[in-house]
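First comes the structure, then the notes that go with it.
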Amino acid sequence: MNVDALIDKVPKAELHLHIEGTLEPEMMLALANRNSVTLPYKTVQDVKDAFAFDCLQDFLDVYYHGMSVLVNEQDFYDLTYAYLSKVHADCVTHVEIFFDPQAHTDRGVAFETVHDGICHALEAGLRDFGITSRLIMCFLRHLPEEHAFEALNCACKHKETIYGVGLDSSEKGYPPAGFSRVFAEARKQGFVPVAHAGEEGPVEYVEGALDDLQVKRIDHGNRAFDDPKMIARLAKEQTPLTMCPLSNLRLKGITDLELHPLKRALEAGIVATVNSDDPSYFGGYINDNYKAIAKALALSEEDIIQLAKNSFSAAFIDDKLKQKAHDQVDAISGLK
Ligand code: ADE
Ligand code: ZN
């Protein structure tokens, strides 16, 4: 089996996916029409033309603008269901999805509208595709910590459906320590913590996410590779990295996929995973990310098997399910 055929067939989990980042241009325009929202784009090509970014902030400006078409529960349902049906075709069997409630409540959309639409689609995804899921609520780091506490209060009413908390949005100038208290409270309330760190920000932010927020996974973590001590720490503590190659390329965190640190992470014994981040905006879903990085770094079939297994090892599922998923990866790859 060649590497691309293996990627197509192997079961995998996606652990770094912003549901609002799956809003395809066609759906953006259809929802703008359905909800009478005015956008600066008339055609699908106009929207695609706006998807040219020089950095994270360039993208975030378009991303927050685009999501203004999401208004009703049905919109969040349609968005989430469309994503699940796409990744079902990519042999994704488990997803851990981020959502950004503050980006919706700030413009008058109720927390429950967002939450219920996503959760009903996740239930349908289990029923129709057998995809299991976890939902992770992100705090927006460019907003004050008090706003994050308001989001946390809303999440506390939905502990049965919201599994974890994350930290996303503009990174530089917003170190993790600014969110220590809200993360401490979230952990006390039983939410599992993760955070974006080292996407654009320095390795010190990766350290801050580990020490100040006590995260269980680092989202991205690219800048960790500036510091051998941090590479050794991530390997020793087995803190997974949810890496997103096409995102890093499109936001110019790297100039060439061949420079991506994924292979170095694997060689160092870090639990590295491959994910799509915001697939509509960055030109590819999860298998596109696997294929692009496999080609750029000349990954072997064994590397792909390792990455698929890592995706389940790093998932927030119990050990029995992890073992079952690893066995399914071995079965597909012909090892068992
Ligand atoms: N929100 C959505 N995508 C993001 C990314 N790649 N980094 C930070 N915040 C985000
Ligand atoms: Zn992200």
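The values are calculated or read from the model by the stated rules, or taken from the named source; none is laboratory data. Note that the structure is a prediction, hence the values are computed from the model and not measured. As a convention, Cβ positions derive from the backbone with ideal geometry for all residues, glycine included, and neighbour counts pool all protein chains shown. Remember, those area values only see protein heavy atoms, side chains included, never the ligands or the DNA or RNA. Shrake-Rupley method; radii C 1.70, N 1.55, O 1.52, S 1.80 Å.
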Checklist outcome for this item: Ignoring ligands and nucleic acids, LEU259 exposes an accessible area, probe 1.4 Å, in Å² to the nearest 10, of 110
Next on the checklist: Using a 1.4 Å probe on the protein heavy atoms only, what accessible surface does SER36 show? Give it in Å² to the nearest 10.
Outcome noted: 100
Checklist entry - Roughly speaking, what is the centre-to-centre gap between segment 254-288 and segment 60-99 when only Cα atoms are used, to the nearest Å? => result 20
Item to check | Rounded if a/c under 1.5, otherwise prolate or oblate - the chain, Cα gyration tensor axes | outcome: rounded
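Run lengths n ≥ 4 of DSSP H only: what is the helix-derived mean residue ellipticity at 222 nm for the chain, with -39500 (n - 2.57) per run over all residues, to the nearest 500?
After summing the helix terms and dividing by residue count, I get -14500 deg cm²/dmol.
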Item to check | CYS154, CYS119, reordered so the largest accessible area comes first (probe 1.4 Å) | outcome: CYS154, CYS119
Item to check | Label-zone membership for segment 85-126, site SER36, 7 angstrom Cα→C-beta point, backbone N under 19 Å | outcome: 107-110
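Averaged per residue, what accessible surface does the chain expose to a 1.4 Å probe, in Å²? List each step's numbers first, then the result.
Values: 13360 Å² over 336 residues.
Normalised by residue count, the accessible surface of the chain is 40 Å².
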Item to check | With every protein chain in place, segment 3-333: carbon and sulfur % of accessible area (1.4 Å) | outcome: 50
Checklist entry - Can you give me the relative contact order of the chain as a percent, contacts being Cα pairs under 8 Å and 6 or more apart? => result 21
Next on the checklist: Once ligands and nucleic acids are excluded and a 1.4 Å probe is used, how much of LEU266 is accessible, expressed in Å² to the nearest 10?
Outcome noted: 30
Checklist entry - Which part of segment 90-123 falls in the paramagnetic zone of GLU185, meaning amide N under 19 Å from the point 7 Å along Cα-to-beta-carbon? => result 100-106, 111-112
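Contour minus end-to-end for HIS88 and ASP46, with contour as 0.36 nm per residue of separation and end-to-end as the Cα-Cα distance? Present the calculation step by step, with values, prior to reporting the outcome.
Details: separation 42, 0.36 × 42 = 15.12 nm, distance 2.87 nm.
That works out to 12.2 nm of additional length.
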Item to check | Dipole axis of the chain (+1 Lys, Arg; -1 Asp, Glu on Cβ), positive-most option in PHE316, HIS142, LEU262 | outcome: PHE316
Checklist entry - What ranking of PHE149, PHE111 comes out by heavy-atom accessible area, probe 1.4 Å, highest first? => result PHE149, PHE111
